[in-house]
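None of the figures in this text is laboratory data; all of them are computed from the coordinates on show. Being a predicted model, the structure only gives us computed values, none of them experimental. As a convention, Cβ positions derive from the backbone with ideal geometry for all residues, glycine included, and neighbour counts pool all protein chains shown.
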Amino acid sequence: MSILVTGGAGYIGSHTVRQLTRGATDVVVLDSLELGHRQAVIEAELVVGDIADQELVIGLCRDRGVTQVVHFAAYKSVGESMSDPARYWLNNVAGTTKLVEAMLAAGVEQLVFSSSCSVYGTPAHNPVGEDAPIHPESVYAESKAMVERILQWYGVTHGLRSVSLRYFNAAGASDDGRIGEDWRSSQNLVPLVMKATLGRSGPLTVFGDDYPTPDGTCIRDYIHVDDLAAAHLAALAYLDGGGSTTAVNVGTGTGSSVYEVIRATERITGRAVPYAVGPRRSGDPVATFADPATAQRTLGWRACRGLDEIIDSAWRWHRDHPDGFPAEG
């Protein structure tokens, strides 16, 4: 018996794989390596391939005795999704549908899905609960919302049971510094702050400091990637125990502003963070942070690390791996 992890060579996927293998779980990773890294997969079997290759997926599930799937494999750039929407419909939506069909053909009926808080769009209220209206504001977000609905219907028609984890802002790196976020393919705030701090870019751009927040900058819910990985293990245990299909916010419940991230970085690293204030960026919500009560109640999960732990681990990873993972020979 084993667990199939699609996209397990990516940022969040690789951290989840490590936690699974540390718990003596047999894991097989399926990743195209288009955005993932072979070196990020530690102590797990890696199969290079596509989630839409149904023959491959059926064979893996049957040959490895797969009983559950964790599905990360997706494109995730909001901007790209608006300029090249077909890429997102074909991979994120159609690819996931083919994956589910292959799972079911192999007799696998439990799935943990990597969703996103972006399905809410700009929330009317904070903290954001699972009962907030679903209102995607990008093709990327719509692709996640569509898959959630597809999974619900597969539950009705085929008995699939799934947990959709609506991530807030994943950040940080593993405690031992072996894996982390490759900033070459990321536009997330924390790696951009690290890049500026290490002099590997120009000054960080702060997109507006005139928002109605205590310091004028946008507020987000940053969650340590290892806490996020633990949520996947909790979701797998929930399904293994007979849990029904659900969607759960995965965040800390605490918001941090852009300036708070900058100040924490300066305090922890002892270095100044060069930055310049630019105009507001279209579509940026003023503040977004999770209500984590459902995750605590349903999955028995809560975040254990705060902003300082995120910044400290990210700093050590980026300082020691300024070019990300080494190129494959």
Using modelled amide H (1.01 Å from N, peptide plane; none on Pro or chain starts), what sits under 5 Å from the amide H of LEU204, excluding residues fewer than 5 places away? TYR275, ALA276
Length released on extending from ALA272 to ARG178, taking residue separation times 0.36 nm less the Cα-Cα span: 31.3 nm
For the chain, what proportion of DSSP beta bridges, expressed in % and rounded to the nearest 5, is antiparallel? 5
Using only the C-alpha atoms of the chain, find the volume of their convex hull and express it per residue in Å³. 129
List the residues, sorted by chain then number, that are 5 or more residues from VAL112 or on another chain and whose placed amide H is less than 5 Å from its amide H. VAL69, VAL70, HIS71, VAL163
Taking a ≥ b ≥ c as the square roots of the Cα gyration tensor eigenvalues, with a/c under 1.5 meaning rounded and otherwise prolate when a/b beats b/c or oblate if not, the stretch 189-329 comes out oblate
Just to confirm my numbers, what's the Cα centroid distance between the stretch 118-182 and the stretch 7-47 in Å? 20
Could I have the simple spin-label model distance between LEU90 and MET1, label points 7 Å from Cα toward Cβ, reported in nm to one decimal? 3.9
If amide H atoms are modeled at 1.01 Å from N in the peptide plane, then the residues at a separation of 5 or more from ILE219, or on another chain, having amide H under 5 Å from its own are ALA287, THR288
Mind checking which aspartates and glutamates have their C-alpha under 16 Å from LYS195, skipping anything on the same chain fewer than 8 residues away? GLU181, ASP182, GLU266, ASP312, ASP320, ASP323
Tell me, what ³J(HN,Hα) does each residue in the stretch 108-118 have, in order and in whole Hz, if you take phi through Karplus 6.51 cos²θ - 1.76 cosθ + 1.60 with θ = phi - 60° and put x for Gly and Pro? 9, 10, 10, 9, 9, 10, 7, 9, 7, 5, 5
Measure nothing but the geometry: give the 0 to 90° angle between the long axis through the Cα atoms of 307-320 and the longest principal axis through the Cα atoms of the chain, rounded to 10°. 90
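Could you work out [θ]222 nm for the chain from helices alone, using -39500 (n - 2.57) per DSSP H run of at least four and dividing by all its residues? Round to the nearest 500 deg cm²/dmol. Before the final figure, lay out each step's value.
Numbers: 10 runs with 113 residues, N = 329.
Here the helix-only value at 222 nm equals -10500 deg cm²/dmol.
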Using the Karplus curve 6.51 cos²θ - 1.76 cosθ + 1.60 with θ = phi - 60°, what ³J(HN,Hα) values do you get for each residue of the stretch 257-272, in whole Hz, with x for Gly and Pro? 7, 4, 5, 5, 5, 4, 5, 5, 5, 5, 5, 7, 8, x, 10, 6
In whole Hz and in residue order, list the ³J(HN,Hα) couplings for the stretch 228-236 that follow from phi through the Karplus curve 6.51 cos²θ - 1.76 cosθ + 1.60, θ = phi - 60°; x for Gly and Pro. 5, 4, 4, 5, 5, 5, 5, 5, 4
What number comes out for the charge environment of PRO123, summing +1 per Lys or Arg and -1 per Asp or Glu over other residues with Cβ under 14 Å away? -4
Residues in the stretch 143-169 that a label on ASP131 would reach, taking backbone N under 13 Å of a point 7 Å out along Cα→Cβ: none
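Relative contact order, percent, of the stretch 1-148 when contacts are C-alpha pairs under 8 Å separated by at least 6 residues?
23
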Pairs of alpha-carbon atoms within less than 8 angstrom and 6+ residues apart define the contacts here; what relative contact order does the chain have, in percent? 19
